[in-house]
Each structure stands twice: as C-alpha cells, then as structure tokens.
Amino acid sequence: MATENATATSTSQITREETTQLRRVSADLPPTPPESEHSDAEKGEATKPSDYPLPPDSKAPTEVIEVDKKTPDGWLPRDPRLIRLTGVHPFNVEAPLTDLFNEGFLTSPELFYVRNHGAVPQVQDEEIPDWEFSIEGLVENPITLTLKDLIAGYPQITCPITLVCAGNRRKEQNVVRKTKGFSWGAAGVSTALWTGTMMQELLKVAKPKRGARYVCMEGADKLPNGYYGTSVKLNWAMDPNRGMMLAHKMNGEMLRPDHGKPLRAVIPGQIGGRSVKWLKKLIITDKPSDNWYHIYDNRVLPTSVSPEESANNQAWWMDERYAIFDLSCNSAIAYPAHEEQLCLVGAPEFYRAKGYAYGGGGRRITRVEVTLDKGKTWRLANIDYAEDRYREAAGTELFGGTIDMEWREASFCWCFWNIDIPLAELRDAKDIFVRCMDESMTIQPRDMYWSVLGMMNNPWFRVTISLEKDYLRFEHPTQPALIPGGWMERVKAAGGNLANGYWGEKIGSEDAEGPVEEVAKEIKMTKDGLNTTITIDDLRKHDKEDQPWFVVNGEVYDGTKFLEGHPGGAQSIVSAAGLDATDEFMAIHSETAKAMMPTYHIGSLDEEGKKALSGEDVQPDPSAAPTPTFLDSRNWKKAILHSKTTVSWDTRIFTFKLEHDAQTVGLPTGQHLMIRLRDPVTREAIIRSYTPISETSKPGYMDVLVKIYFDSAERKGGKMSQAMDSLPIGHFVDFKGPIGKFEYLGNGLCSVNGAKRNVKHFVMICGGSGITPIYQVFRAVMQDRQDPTRCTLLDGNRLVEDILVKEELDAFARDNEERCKLLYTLTKAPEEWDGLRGRIAGPLLAEHASKEVLGTEKGEAMVLICGPEALEKACHKALLENGWSDEELLFF
Ligand SMILES: Nc1nc2c(c(=O)[nH]1)N[C@H]1C(S)=C(S)[C@@H](COP(=O)(O)O)O[C@H]1N2
Ligand SMILES: [Mo]
C-alpha cells in the first residue's frame, strides 16, 4: 500500500472547517467527517488562512548521473528519481506521480518536470548578473538589458504558477494510436513560486508601435531547427490579469539549469511550451512567430488528420486556429496509486481518494467529480485551492519579490481534490473516474480526442479496481515512457477496442471491429540464425577503409565487399566506419538496397555498445578549435540558414553561413555533400545529396541551389525540397561530406573511385537541377584558361525559365568558344527559341554526343550524367548504342 508522506506541508492540506463546508453541499457524502487511514497526516493543526504553502524541502542534486556523462548535458547533476521519456538525451522527464503529489502544492525544482528540446545552455553563476537579453522589433525603444539591470530597475514579484506540458497524459493517446509525441504520464505538471518582473512592465518601457500584435520569445538553446522560440499575443502580455512574467528564481533560489537558468518566461494558464527558458529575446511583431517549434509543435490538429496527412499537407500546420495557448481543464487521480493494494481485512470504513486538477487561461476549477459507475452518478469531491492563501498574504515580501495577487481573480495553479469513499462501495465498483469543470462550465470530456501530436489529452481519468482474494488492486491507465503496465495496455492486448466509447470493454456488438491496428512495413535486414554479438571495441577497430564496419539499428554490417560497387562511392562507407549510420542509411536507401543487407550482416552490437553509440552524433563540441574547412566526413556539422534567394517560382538559392568568416566548405570539385533535415512532422531524418553552386573556395558562406518539387494534384512533391523551402531564416541545418566517387583535380586529370585518369573531352548531360554537380566541374574547367580540356554540355529542361544558372553558363561559353559547346534543349520551347527541341534521348544524343560526331578516341573522353532517373536510364541505353562503354560513363 502506498504510504502518505507524513512530512507533506500541512499548509497544503485542506482545513477541517473547509472540509465540512464542502461536505454540506455534497449529497453523496455522509454528514459526519469520516476517518480513513489516509487522514492521519491531515489531522495536524488547522491552518490559518494566511498560511500559504512554502516550498518543500529541497536538495539540489550534486552528482552527474552516469548516463548523462556522454551527452552534452554531461556537466549537469540531476535527480535519479525522474523518469526519462526520450531515452537519455535530450532530457525530458517527469517524477513518479505519487512522489510528485506527495510533495504537495509546490514542487521542488529537482522533481519539477523537464521538457528540453536539446542540450541545456551552460551558464556559470558568475555570468548570471551579466546575462543579456533584448526587447526588439516593432517598438519605439528597443532595449538591451542585463539580468542585473532587470532586477534592480523593475519591481519584483513572487507568484505561484503551475506549468503543464501540452503533452501531459499523452501516453494514453499513444496506447490508442501512436501519436508523433513521446509518452508523458500524468506527471507532466508541476508548481513553483516564481520571482521576477511582469512582462508588461518591460513592454511599457519599450513602447510597442502601432501594428504590433505579438511577442515572440527566443531561447539560447541551439536546436536542430534553430533556437527554441514561440509567441503569445501582445495584448495578453500587456494585461496584468494574465500574469506573464520573466522569472529568475524558482522557489526562492536561482533557476536550475534545466528550468531556464538564469532567466525564463513564465506564461500562466497556458501550455508550458510558451514559457521560453534561457530567454534571450523578446521580439515584438505583427505576425505570430515563424519559429519552427512554434509552427510544428503545440498544436491540436483535427482528429481526422492522420500522421501521414499531416506530413503530406503543410497547410494543417500553418492554420493558427489549431495552435494551443490556454490549457484545457484536466484532472488525475494520485490515490489510489498505480498498483496500490488495499487490504480489505481490517481496513477503515472509508478510503480517501485524492488527486490534482487544473484549468487553463486563469479559469478556476469549480468542481471535481468522481464516479464509481462509469458516469451514471457523480459525487462531489472537496477541493483545496492553496493558491488562494497567497492572495490573503497581499503585500508580503517573499524571496525578493512582493506577493501581489489579491486583486487578481485568475487561478494559475493546480488544486488538490479529495473524497472519502465508503469501502463497501469501492469494493463493488469496477473503476473510479475523476473529471473537473472550470468556471466557464467547460467539463472534461468522457472520450479521448485523439490528434496527431497527442496534446491536451483530458478525458475522464480512470483507475480500474479489481477484487483479488482479500484486497483491492488498482490500475492507472498507463505508466509513463516505455514502462509497461496500466489497464489500457491490458485491455488492448486482450483485443478490446479502446476507442469503442467504453474504455475497450465488451459491451455488445459495437466493438466487434477489434483494436486499431498499426501497420508497419519493414524490410528484414538481418541474417537468419546469426547469433554473434559484437562489442564497441571490436566495432571501433574497423573504422578504416581496409575493413569498414558500420551499425544500422544496432546491427553490425561489414561494408568491405561494397567499397567498389557502392553508388555513393567508397567514401560514403568509409565515413560511416566504426559509427552508427542508421539515420543516413534508412533515409537514403531503397527497399531493394535494404533487402541486400542480410548478406553483409555480421552480428549485433551488445547493449554496452548500443549505449555508447546512443550518446554520439550530438552537437559538435563548441569549445573545439575552429577548422579551416567546414565539412567533416564522419560527423554532422551545423550551418545556419543565412538567406534565401528566389530564383524562379520553384527554385531557390539557400545561403548558409559557415562556422567562421574564413572557413571554406571543404568540398573537392565534383563531389557532393549530404544535407539532413528532420521531417517537420514525423521527426524522421530526411537526407539528400546536394552540390553547392558557390565556388568551393568561397569563404564564410555556401550557396545551395534547390528546385522545390511542390505537391500537385497529380503527384506528391519532394519531401526534402519542400522541407527546405519552409525553413525559416536563422535555422540550423546538418551537413556531412564530402561524398562521391568522382573528383576533378584540374588540367584534365580526374579521379574515379581513387583511380586517376586523364580526360581530353567531357560530355556533360543533365536535366533540371542535375546541372548543379555538373556545373562545379564545368566551371572548374572553364575558369582555368590553361586547362585544355573540352566540354560539350547538353542541358535539358521544359521551359527557358527552367534553365538553371543559365547566365553563368552562357558567360563561360562566350569566353571559351574554342573548347566549349553549350546545348540547351527544351520540351516546351517557345516559337522564337533557336536552341534544340525535345527530350534528351537517343536521337539527340546520336546527333550531338556520339563518339563519331565528337571525334574522340577510346579512353579520351568521359560522359558525366546527372538528372532524373528516367533521363539517366534513357541516356545509358542510347550512349551504349552510340559507341560508348560503361567505363566511360559516370552517373552522379
Ligand atoms: N528555450 C526553451 N524553452 C522551452 C523549451 C525548450 O526546449 N527550450 N521547452 C518548452 C516546453 S514544451 C515546456 S512544457 C516547458 C517546460 O519547462 P520546464 O522544463 O522548466 O518544466 O518549457 C518550454 N520552454
Ligand atoms: Mo511542452
């Protein structure tokens, strides 16, 4: 049986007087206050009205937990009781629900739930006073301020506020049908006393201009898609009733690193995602934030939108109506706890059930109700609004801030409810549910509203009761993270349909359709009967070209046999040697390629090895010395999107800023790099090869030309190019390389898979954006006036305006008439077009690119081809027919 925490602050408990008062309005309850075994801790002295709760005992953790050591947070001590929801890193955790509830109204910082999208910015204590942040954008007086100035120059307040992650209780949704979010239990909620400045005070000084409507906030945490940021409406921020603040203290001490040290926004009544941590900027704008995390996170899309539909149709994410701000009202049962057992022999006559409830937007929870008969009848629970006791303490100084809430009607904190249930009734019940209602009479729904991101889940919270021999056993709906247990899994496993409106129980014919199936089409990549385990040390020994091993999904593969034939060049295998290549492998390879993998499978990495790899591929060490070139063939490197130039309706040049002004990209001519983005919705890695069009010697920046393949009525567009197109400026993108089997070394010398070879004449064939790798080689040849190599370039497109880098190509051709022949062909040429017409295929190639026409001897020329698969196939066939051999052809 779970025990009461005898040290729970007596102030957070309900007073006897209040209890009796509430009981009077509840017809279901017996007239006299019953005794229960839970009531001991509550028998303490009746509290005075002004006895507001003080923080529970707190000890800042001092030891870095072993698993954290390999992560970028390896410097940060944490509480081992916290349950990790997303593996080791980033740190997303909740406390066990019972521990959280037992702490009482206020949560200690070490048990307060954490939601980090990435690594925690490290700020030393001595740097705190000088932490700078700014208020900019549409304001008369832009302000840059240090934390020291903020504390000295503005009134400080202290106020209790509950934060709730929008994903609280998401595990229940994930059991019904997997959402795109990780599995929070019911403890993604915590309360603290926050000390700081009202946001409104700063905004008044900055003076928003006419037209200003939003306050965008940005944190200091660098993430895969830029800095974390979001926005709220300016008129809310200006409204003291909304209580928005910039806090630097939590329960009277400096913010802990996981909670935003040294400064964060606290946005009461709204989902936690709006309370930006490690706050650097407030930007006043006329539009909502275009931050990636604002757009693709914290939304409740219509329930009919499937994960696939949400990935296919960007419009769902752009609709501001689906963005969440105010929390929905919600409640959960803490006692009975999950797997609590209540011995019926000698038990008191009443059992006291307890839990929490919270509302959104400052709305008070006006009732909490409990049912033992699936909603046929409800009984009213007692509610303790500990928050109100701070209102009674008006004007008191606490932790360097004034308690100033007596005038404000809003309720920004959770409240605790309890109800005494006669044991006999509990014994006969199958389950116990709780639901709450707020002051707008909005009530928690009976049924779950499933949505893609699994947010704001708030159906009635159900705990099942089973009578075993002489005790009652209780089960919560789920356990957080991957922890098994809970009635939902049990019911689902038994074939119940959780969405049948009766919590998956058999109620008749309606639920005959059975559980919702999850379809997963996977290609088997392991060898049958192979039982070898491989240690991380063994793996690490094979990190070179002589016998490269690599890991995909925890399985080890030997890439040696593939060094020669691999379409991506030997380098792409060598780059992965000794490493985990899961993301790239899965993103780049076709089902056919995957089906070949069992042949190369040599064993499974042992658990230790898997753990060791899981900490890898994190941000590069920021303290590492800057390198002269940007690319690294073994690690993903980040560059920030600096600007976007629209070249045509479907073509953009993305300019990325490298790590420092003198840095060059480090890409040999003719080679490519990989760009990795996360799918905005599924979070899967999307990886594609590109060749920048900027010169490889350009310092500080690199330009990548991308043709956007938009979705159309007939066809799905390109995942990658559309994701690139929706990237806001200032966001980080991952790069890795170089890759490719071809390199142009200059003066006709090239290298193919490491073998050197002289070329007198290049035939370059490309279509659409296939020009980009070709262009690198073409430019290198043309720029060097001493280079005797000739080029015949055949570039196929639909319309004139589709021809990429045409001006540059034309200029090179004009300046090098004697060794360059430039041929454009169009499939939709205008009348006045004097170039070629039609597709690049047999006839065109026979006329312009046959050996005979070009007059080249065997081995003197080389054909470089890059374009859509159909073009490459057609060319391959035609070229062989025109006297070329495979050794003379190179497909990019
Ligand atoms: N800078 C920054 N602020 C952030 C986040 C983040 O990852 N980075 N996560 C947000 C989310 S989704 C939540 S729920 C809250 C969690 O605050 P906590 O970790 O202090 O509980 O912080 C919000 N603010
Ligand atoms: Mo969140």
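The values are calculated or read from the model by the stated rules, or taken from the named source; none is laboratory data. Nothing here was measured: the structure is a model prediction, and the numbers come from that model. No Cβ is skipped: glycine too gets one built from the backbone with ideal geometry, and neighbour counts run over all protein chains shown.
Of note:
- The number of residues in segment 372-386 that are assigned to a loop (DSSP other than H, G, I, E, B) and surrounded by fewer than 23 Cβ atoms within 10 Å (Cβ to Cβ) comes to 8.
- Among all positions in segment 359-367, there is at least one residue which is more than 28 Å from THR197 (Cα to Cα) and at pLDDT 95 or above.
- When the criteria are applied in full, THR144 meets the requirement of being in the same structural domain as TYR228 (by TED's automatic domain parsing), more than 16 Å from ligand 2 (Cβ to nearest atom), in contact with a strand residue (DSSP E or B) (Cβ under 6 Å, 6 or more places away or on another chain) and assigned to a strand (DSSP E or B).
- If only residues of segment 260-295 that are part of a helix (DSSP H, G or I) and away from ligand 2 (no atom under 13 Å from the Cβ) are counted, the one that is farthest from PHE732 (Cα to Cα) is ILE295.
- Within segment 480-504, the set of residues being in contact with a His (Cβ under 8 Å, 6 or more places away or on another chain), buried (at least 22 other Cβ atoms within 10 Å of the Cβ) and in a loop (DSSP other than H, G, I, E, B) comprises just one member, GLY486.
- Checked against (1) within 30 Å of PHE732 (Cβ to Cβ); (2) within 16 Å of ligand 2 (Cβ to nearest atom); (3) part of a strand (DSSP E or B); (4) touching a Ser or Thr at 6+ places or on another chain (Cβ under 8 Å), VAL93 meets all criteria but (4).
- Single match in GLU218, GLU172 (criterion: in contact (Cβ under 8 Å) with a residue 24 or more places away in the chain, outside any strand (DSSP E or B) and away from ligand 2 (no atom under 16 Å from the Cβ)): GLU172
- Against the numbered list (1) under 49 Å from the mean Cα position of the chain (by Cα); (2) buried (at least 18 other Cβ atoms within 10 Å of the Cβ), ARG839 comes up short only at (2).
- Scan of segment 296-311 for residues that are more than 16 Å from ligand 1 (Cβ to nearest atom), in contact (Cβ under 8 Å) with a residue 60 or more places away in the chain, touching a helix residue (DSSP H, G or I) at 6+ places or on another chain (Cβ under 9 Å) and not in a loop (DSSP other than H, G, I, E, B), ordered by number: SER310, ALA311
- Residue that is farthest from LEU100 (Cα to Cα), among those in segment 343-371 that are over 38 Å from the mean Cα position of the chain (by Cα) and buried (at least 22 other Cβ atoms within 10 Å of the Cβ): PHE350
- From THR179, THR158, THR162, THR191, residue being surrounded by 20 or more Cβ atoms within 10 Å (Cβ to Cβ) and assigned to a loop (DSSP other than H, G, I, E, B): THR179
- Members of segment 261-284 that are of a type in the set (Gly, Ala, Ser) and more than 7 Å from ligand 1 (Cβ to nearest atom): ALA265, GLY269
- Yes/no for THR191 being among the β-branched types (Val, Ile, Thr), away from ligand 2 (no atom under 16 Å from the Cβ) and touching a residue at least 40 places away in the same chain (Cβ under 8 Å): no
- Scanning segment 737-751 for residues that are in contact with a Lys or Arg (Cβ under 7 Å, 6 or more places away or on another chain) and assigned to a loop (DSSP other than H, G, I, E, B) yields a single hit, GLY748.
Here's the yes/no breakdown for (1) in a helix (DSSP H, G or I); (2) farther than 25 Å from SER648 by Cβ:
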| position | (1), (2) |
| --- | --- |
| LYS828 | no, no |
| GLU872 | yes, no |
| HIS876 | yes, yes |
| GLY883 | no, yes |
| LEU890 | no, yes |
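- Among the numbered conditions (1) under 23 Å from GLY867 (Cβ atoms); (2) among the basic types (Lys, Arg); (3) assigned to a loop (DSSP other than H, G, I, E, B), the only one that LYS698 does not meet is (1).
- Filter result for the condition that a residue is under 24 Å from the mean Cα position of the chain (by Cα) and surrounded by 16 or more Cβ atoms within 10 Å (Cβ to Cβ), over LYS707, LYS657: LYS657
- Condition check for TYR744: within 16 Å of LEU667 (Cα to Cα) and not assigned by TED's automatic domain parsing to the domain that holds ASP815: yes
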